[in-house]
Amino acid sequence: MTDAELIEVAKKYRERAYAPYSKFQVGAAVLTKSGHVYGGCNIENASYPVTNCAERTAIFKAVSEGEREFEAIAIVADTSGPCAPCGMCRQAICEFRIGRIIMANLKGDSKAVSLEEILPFAFTENDL
Ligand code: THU
């Protein structure tokens, strides 16, 4: 699957965002090493911190289906530049060593970065 195809899946899931508070819809899609794709959207809550970001929804869906090995994750929102994952999601991306992070927006801008670029000096199991 190409980056462009993974972005398209993320866009589809963005439409499922439950974002009545921020109105900011985010979609994500993870590609596993075995070629499966899992999508996710942000899911907000009246108790704001309970909100789950699109990236973590997609990752948690995949992991709960037994997936552990990932190739890439795509993130899409209606941002002026490619949409970057938040800090908490970077940490979740790091946990599963998702090496290619594809940031995109609805205008067609996209940028792919590595895990090391997006989360330098990461806290990992090696620090415990
Ligand atoms: N959001 C994501 O889904 N992913 C991110 O990486 C950044 C933020 C969501 C959370 C919340 O529902 C909305 O965007 C505004 O912060």
Taking a crude spin-label model, label points 7 Å out from Cα along the C-beta direction, the Glu71 to Phe121 distance in nm is 3.4
For region 1-61, the per residue accessible area (1.4 Å probe, Å²) is 54
In the chain, what percentage of the DSSP-assigned beta bridges are antiparallel, given to the nearest 5? 70
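Determine the sum of side-chain charges near Arg100: Lys and Arg each +1, Asp and Glu each -1, restricted to other residues whose C-beta is under 15 angstrom from that of Arg100. Please list the in-between numbers first.
Numbers: positive: Lys33, Arg90, Arg97, Lys111; negative: Asp3, Glu5, Glu55, Glu69, Glu71, Glu116, Glu117.
Taking every Cβ under 15 Å from that of Arg100, the sum is -3.
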Just to verify a number: what accessible area does Cys86 come out at with the full protein assembly present, 1.4 Å probe, Å² rounded to tens? 50
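Of the heavy-atom accessible surface of the chain (probe 1.4 angstrom), what whole percent is carbon and sulfur?
On the way: 3710 of 7000 Å².
Ligands and nucleic acids excluded, carbon and sulfur reach 53 percent.
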Cα gyration tensor shape for region 89-128, rounded if a/c is under 1.5, else prolate or oblate: prolate
Which residues' amide hydrogens lie under 5 Å from the amide hydrogen of Gln25, considering only partners 5 or more residues apart or on another chain, with H built in the peptide plane? Asp78
How many nm separate the modelled label positions at Tyr48 and Lys111, each set 7 Å beyond the Cα in the direction of the Cβ? 2.7
What Kirkwood hydrodynamic radius do you get for region 23-115 when you take the inverse of the mean 1/r over all pairs of distinct Cα atoms, in Å? 13.1
Largest to smallest accessible area among Arg97, Arg90 [probe 1.4 Å]: Arg97, Arg90
With DNA, RNA and ligands ignored, accessible area of Thr51 (1.4 Å probe; Å², nearest 10): 40
Across the chain, qualifying lysine pairs (alpha carbons under 17 Å, at least 8 places apart or different chains) come out at 8
On the full set of protein chains, 1.4 Å probe, figure out the accessible area of Asp78 and give it in Å² to the nearest 10. 100
How large are Rg and Dmax for region 35-78 when calculated on the C-alpha trace, in angstrom? 11.6, 36
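The values are calculated or read from the model by the stated rules, or taken from the named source; none is laboratory data. Given the structure is predicted, the values throughout are model-derived calculations rather than measurements. Please note: Cβ atoms are built from the backbone with ideal geometry, for glycine as well, and neighbour counts cover all protein chains shown. We work out accessible area using only protein heavy atoms, side chains counted, and drop any ligands, DNA or RNA first. Shrake-Rupley method; radii C 1.70, N 1.55, O 1.52, S 1.80 Å.
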